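Read the structure below first, then the notes.
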Amino acid sequence: MKCLNCLTELDTLVSWQSIGQKNSLAYCADCQPKLEIITGTICPDCGRGMPTRERCGDCQERVTKILSYNRSLYHYNDACKQLLALCKYRYHYHALTPLKQEIHQGFLQQYCQLKKVTLVPIPLSTERMEERLFNQATLIASMINRPMLPLLHKHHTDKQAHKSRKERLDTVNPFFLKEGQVLPKGPIVLIDDVYTTGTTIHHAANVLHHAGITEIYSFTLAR
């Protein structure tokens, strides 16, 4: 077995149970992402780590509040940025696979109280999907043992990573609902890789809200 990042051979014990299992994919000691799970007090709206349980400045500035709240698993530190860059910009489909169990457990800790929940991954535009060949939000959602429904489409836009904070906040809503889509009953949890300004998540929540969905949350890998 080789490291997912540097491709060096890993010293592993092979068993009949491990043969063919995708969960056996791993990083070497040097490449293992040094991720930090968000713990302690957080902003009750967006899930950002905070010294006190008060709404952060970003959430205080937000005029409308359609999203019930966001929760994230990891701090968006340098290690997390490098991991997501490996996944999204080096097109490494299995970069997040070793985190599957931690992602699933992290979701359950935050949303175990929701009944008949449906996961809605944030979509990529057709152009971006042709470039990347997979959607990292759908990949994250597939690691959570809950029903998933791709309700949304997205118009093509410039990459969020290339935009300033002001440009992100001023972005026109790029999402729209799929035609003829039957909406699920019960709460929706939007799934994405990163919550930064929250613009992407809130744009998607607005579309679902106007379609008639009243209980909307979000879960992201990082904040």
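Since every read-out is calculated from the coordinates, none of them should be taken as a lab result. These figures come from a predicted structure and were not determined experimentally. Don't worry about glycine lacking a Cβ; one is built from the backbone with ideal geometry, like all the others, and counts go over all protein chains shown.
Which residue, Pro51, Pro98, Pro33, has the most motion in a Gaussian network model of the chain that connects Cα atoms within less than 10 Å?
The residue that fluctuates most here is Pro51.
On full extension of the chain, what length is gained from Thr214 through His156, given 0.36 nm per residue of separation minus the C-alpha to C-alpha distance?
Details: separation 58, 0.36 × 58 = 20.88 nm, distance 2.69 nm.
18.2 nm is the gain from fully extending Thr214 to His156.
Given a cut-off of 27 Å, name the pairs among Lys81/Lys154; Lys2/Lys34; Lys34/Lys115; Lys65/Lys115; Lys154/Lys185; Lys65/Lys88 whose C-alpha atoms lie farther apart than that in the structure shown.
On the way: Lys81/Lys154 23 Å; Lys2/Lys34 19 Å; Lys34/Lys115 33 Å; Lys65/Lys115 22 Å; Lys154/Lys185 23 Å; Lys65/Lys88 29 Å.
Result: Lys34/Lys115; Lys65/Lys88 exceed 27 Å.
Which length gain, in nm to one decimal place, applies between Tyr93 and Leu10 when the Cα-Cα distance is subtracted from 0.36 nm times their residue separation? Show your work: numbers first, answer last.
On the way: separation 83, 0.36 × 83 = 29.88 nm, distance 1.94 nm.
Fully extending the segment from Tyr93 to Leu10 adds 27.9 nm.
What FRET efficiency, computed as 1/(1 + (r/R0)^6) with R0 = 30 Å and r the Cβ-Cβ distance, is obtained for Asp78 and Thr52, rounded to the nearest 0.05? Spell out each step's value before the answer.
Working: r = 26 Å, r/R0 = 0.86.
Efficiency, from the Cβ-Cβ distance: 0.70.
What are the equivalent ellipsoid semi-axes of the chain, built from the alpha-carbon gyration tensor (square roots of five times its eigenvalues), in whole angstrom, biggest first?
Working: eigenvalues 171, 79, 69 Å².
The answer is 29, 20, 19 Å, longest axis first.
Say we join alpha carbon atoms closer than 10 Å with springs in a Gaussian network model of the chain; which of Gly40, Gly180, Gly49 then has the biggest fluctuation?
Gly180
Which parts of segment 54-85 would a label at Gln105 reach, counting a residue when its backbone N lies under 20 Å from a point 7 Å out along Cα-to-Cβ?
Answer for this model: 71-76, 80.
Could you state the angle between the C-alpha long axis of helix 199-210 and the longest principal axis of the C-alpha atoms of the chain, as a value from 0 to 90 degrees rounded to the nearest 10?
The angle comes out near 50 degrees.
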